[in-house]
Amino acid sequence: MEPHRIDIEASWKEQLKEEFHKPYFDGMVSFLKQAKQDGKIIYPPGKLIFNAFSLTPFDKVKVVILGQDPYHNPGEAMGLCFSVPRGVRVPPSLVNIYKEIKRDLGLDIPPHGDLTSWAQQGVFLLNAMLTVEHKAAGAHKNIGWQEFTNAVIHTLSKQKEGLVFLLWGRFAQSKKECIDETRHYVLEAAHPSPLARNAFSGCSHFSRTNDILVKNGKEAINWQLKA
């Protein structure tokens, strides 16, 4: 696929233009096209694969939250890690994120799981894999997305300063090798999944993130989501 045909926000297209010329990216595009031709159901919908990039242009990124895999049930994945559209049941990990925000900042727990307003404020909600197959978690973990998203993290680390990276769980923490910790802030915690037995609770990452942003002359994130 030619770079000009990649449906990604302009500032990101410029920053990542070399990636679109690499053999792995062509291979990944071919894989996804073939999967669709074979009748496989892929999430999220094509127009939302790069939704995180669309909602948070490169120059606007202040905070990075790294997820792993898009949700693999119908109607859930929307191209933002941990986020689901309004009207979809809030996933258990996001429930625990909301509980920690309430504990940390005293904010109300919203009745939906749409994190678009965070993305619009500069919270880059990046999954390591940008697509998945219906009912098949991790199905696309080896098709090239991780090479692409590692390049995304490397680019953010190299081209920007003072970002706050929130790394939850061992998988996210494995991406530290892509981050220059002399230029950026890295906050680590257990994954918010219920499988982690509430180990995420008490991390205070949301107040700590805002403290860092304000200290560096940036506007704090309003973590409160409207009902």
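Of the residues making up segment 158-183, those that are in a loop (DSSP other than H, G, I, E, B) and either touching a residue at least 24 places away in the same chain (Cβ under 8 Å) or more than 18 Å from Ile212 (Cβ to Cβ) (or both) are Lys160, Gly162, Leu163, Ile179, Arg183.
Annotation note: of Leu130, Leu125, Leu66, the sole residue that is part of a loop (DSSP other than H, G, I, E, B), aliphatic (A, V, I, L, M) and crowded, with 21+ Cβ neighbours inside 10 Å is Leu130.
The residue that is nearest to Gly162 (Cα to Cα), counting only those in segment 174-183 that are touching a strand residue (DSSP E or B) at 6+ places or on another chain (Cβ under 8 Å) and either crowded, with 17+ Cβ neighbours inside 10 Å or acidic (Asp, Glu) (or both), is Ile179.
Looking only at segment 76-98, decide whether some residue is open to solvent by 50 Å² or more (accessible area, probe 1.4 Å) and within 16 Å of Thr149 (Cα to Cα). Within segment 76-98, none of the residues are open to solvent by 50 Å² or more (accessible area, probe 1.4 Å) and within 16 Å of Thr149 (Cα to Cα). Restricting Ala35, Ala52 to those that are over 18 Å from Ala151 (Cβ atoms), touching a strand residue (DSSP E or B) at 6+ places or on another chain (Cβ under 7 Å), open to solvent by less than 30 Å² (accessible area, probe 1.4 Å) and hydrophobic (A, V, I, L, M, F, W, C) reduces the list to Ala35. Quick check, is Gly113 in contact with an Asp or Glu (Cβ under 7 Å, 6 or more places away or on another chain) and assigned to a loop (DSSP other than H, G, I, E, B)? Against the criterion (in contact with an Asp or Glu (Cβ under 7 Å, 6 or more places away or on another chain) and assigned to a loop (DSSP other than H, G, I, E, B)), Gly113 does not qualify.
Going by the conditions given, is Ile97 part of a helix (DSSP H, G or I) and more than 25 Å from Ala35 (Cβ to Cβ)? When the stated conditions are applied, Ile97 passes them. Take segment 184-217 and flag every residue that is modelled with pLDDT of 95 or more, part of a loop (DSSP other than H, G, I, E, B) and in contact with a helix residue (DSSP H, G or I) (Cβ under 8 Å, 6 or more places away or on another chain). Selection gives His184, Ala190, His191, Pro192, Ser193, Phe200, Ser201, Gly202, Cys203, Ser204. Looking only at residues of segment 39-56 that are in a helix (DSSP H, G or I) and not aromatic (Phe, Trp, Tyr), we find that the one that is farthest from Ser11 (Cα to Cα) is Gly46.
Per-residue answers, yes or no, for (1) within 14 Å of Gly67 (Cα to Cα); (2) of a type in the set (Ser, Thr, Tyr):
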position: Glu100; (1), (2): no, no
position: Ala137; (1), (2): yes, no
position: Thr149; (1), (2): yes, yes
position: Glu181; (1), (2): no, no
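When restricted to residues that are aliphatic (A, V, I, L, M), over 19 Å from Asp211 (Cα atoms) and touching a residue at least 60 places away in the same chain (Cβ under 8 Å), segment 96-113 contains 0.
The values are calculated or read from the model by the stated rules, or taken from the named source; none is laboratory data. Please read all numbers here as calculations on a predicted model, not as lab measurements. FYI the Cβ positions are ideal-geometry reconstructions off the backbone, even for glycines, and counts take in every protein chain you see. Only protein heavy atoms, including side chains, enter the accessible area calculation; ligands, DNA and RNA are left aside. Shrake-Rupley method; radii C 1.70, N 1.55, O 1.52, S 1.80 Å.
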